[in-house]
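First up is the structure itself, then whatever we jot down about it.
The values are calculated or read from the model by the stated rules, or taken from the named source; none is laboratory data. This structure is a prediction, so every number in the text was calculated from the model and none was measured. Note that each Cβ is placed from the backbone with ideal geometry, even for glycine, and that neighbours are counted across all protein chains shown.
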Amino acid sequence: MGEPPESIHPVAWLGRAIGWLDRPTDHPRFAGLLLALWLPLGAALATALPIWLLDGHWLAGILAGGLLFTTVSLDMLCDLTTTVIEATETDLDRARERIIGLVGRDTDTLGPAALRSGAVESLAENLADGLLAPLLAFVLGSLVSLPVAVGAAAWVKAVNTLDSMVGYRDRQVGTASARLDDLVEWVPARLSALLIALAAGKPGALQTARAWARDPPSPNSGWPMATLAAVLDVRLLKPETYDLNPAAELPSLGEARQGVRIVRRAGLLAFALAGVIAWF
């Protein structure tokens, strides 16, 4: 059915709430700590409450499925990445415009191969924080109840969204959010690397990826990115920040397309595993 319209999308509401709360303050670290503690909790309670009120009714399952769907974004992620990759061959300006939805770097001077590198890097990283993290939270919460499962997924999504909006090194208000996101993403990042290797049929890529996984400043994002670089045997480069698999070439059009196929398979594998665990 596709994503809900932005006007009623829970993650869009969350983004607007963060934008409204993100205001100048004389005590940015303290304000950021309160934001990191209370905003995700509010998102979790707001999501879990209607499921709890409908407990036992068949509508609870329908609503829970819909809310869980809004916290994961496999189709949107793969579609946007594909759009950028294809545009690198036909319309560089469009590629540079659309990749802003995936990366935070300056794209004005990036050529086709560098744009594909950025898209593939973000594809791997977002598999972890945009899909694996909320899905894992849902699975763990399902051990308690359906409302807790959906609330846990919403909590993780809120933590990740908060970090993506304010968790920058030059913003003290985002320090607490960035640290919390690092903690929450530790396991999903490593699980996503494992799923990428399995989806590619190259489990040995995990050992190869260990050589570069700690190069990015993030304690987590390097694992899925380095693993995808290993299975594709491509170089993933963010100048002055990291250089994964430096002996290889930047992704070609075919290699970037293959990256999308592998990440899609890894995401579907994650859904299958989550469904089996939650069922039992």
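Just to be sure I understand the filter: pairs with C-beta atoms under 7 Å, separated by 6 or more residues or on different chains, first member in segment 123-146 and touching a residue at least 40 places away in the same chain (Cβ under 8 Å), second member part of a helix (DSSP H, G or I) and among the charged types (D, E, K, R). Which pairs pass?
ALA128/GLU185; ASP129/GLU185; ALA133/GLU185; PRO134/LYS157
Among the residues of segment 213-240, which ones are over 19 Å from GLY267 (Cβ atoms) and in a loop (DSSP other than H, G, I, E, B)?
ALA213, ARG214, ASP215, PRO216, PRO217, SER218, PRO219, ASP233, VAL234, ARG235, PRO239, GLU240
Which ones in segment 18-69 are among the polar types (S, T, N, Q) and within 13 Å of ALA152 (Cα to Cα)?
THR47 - this is the single residue of segment 18-69 that is among the polar types (S, T, N, Q) and within 13 Å of ALA152 (Cα to Cα).
Given (1) among the hydrophobic types (A, V, I, L, M, F, W, C); (2) within 19 Å of GLN258 (Cα to Cα); (3) surrounded by 16 or more Cβ atoms within 10 Å (Cβ to Cβ); (4) in contact (Cβ under 8 Å) with a residue 24 or more places away in the chain, where does ALA64 come up short, assuming only one miss?
Only one criterion in (1) among the hydrophobic types (A, V, I, L, M, F, W, C); (2) within 19 Å of GLN258 (Cα to Cα); (3) surrounded by 16 or more Cβ atoms within 10 Å (Cβ to Cβ); (4) in contact (Cβ under 8 Å) with a residue 24 or more places away in the chain is unmet by ALA64, namely (2).
Which ones in segment 141-182 are surrounded by 22 or more Cβ atoms within 10 Å (Cβ to Cβ), at pLDDT 90 or above and β-branched (Val, Ile, Thr)?
VAL150, VAL156, VAL159
Given the conditions (1) assigned to a helix (DSSP H, G or I); (2) touching a residue at least 60 places away in the same chain (Cβ under 8 Å), and given that ARG96 satisfies all but one, which numbered condition is not satisfied?
The single condition ARG96 does not satisfy is (2).
Residues GLY15, GLY32, GLY42: which one is buried (at least 18 other Cβ atoms within 10 Å of the Cβ) and assigned to a helix (DSSP H, G or I)?
Criteria check complete, one pass: GLY32.
Name the pairs: first residue in segment 227-242 and more than 12 Å from VAL120 (Cβ to Cβ), second residue part of a strand (DSSP E or B) and among the β-branched types (Val, Ile, Thr), Cβ to Cβ under 8 Å, at least 6 apart or on different chains?
If the second residue must be part of a strand (DSSP E or B) and among the β-branched types (Val, Ile, Thr), no pairs are left.
Could you say whether any residue in segment 74-81 is in a helix (DSSP H, G or I), of a type in the set (Val, Ile, Thr) and at pLDDT 90 or above?
Yes - at least one qualifying residue is present in segment 74-81.
Report, ordered by the first and then the second residue, all pairs with beta carbons closer than 8 Å, sequence separation of six or more or different chains, a first member in segment 148-176 that is hydroxyl-bearing (Ser, Thr, Tyr), and a second member that is surrounded by 22 or more Cβ atoms within 10 Å (Cβ to Cβ).
From residues that are hydroxyl-bearing (Ser, Thr, Tyr), the pairs are THR161/LEU14; TYR168/GLY174; THR175/GLY32; THR175/GLY167.
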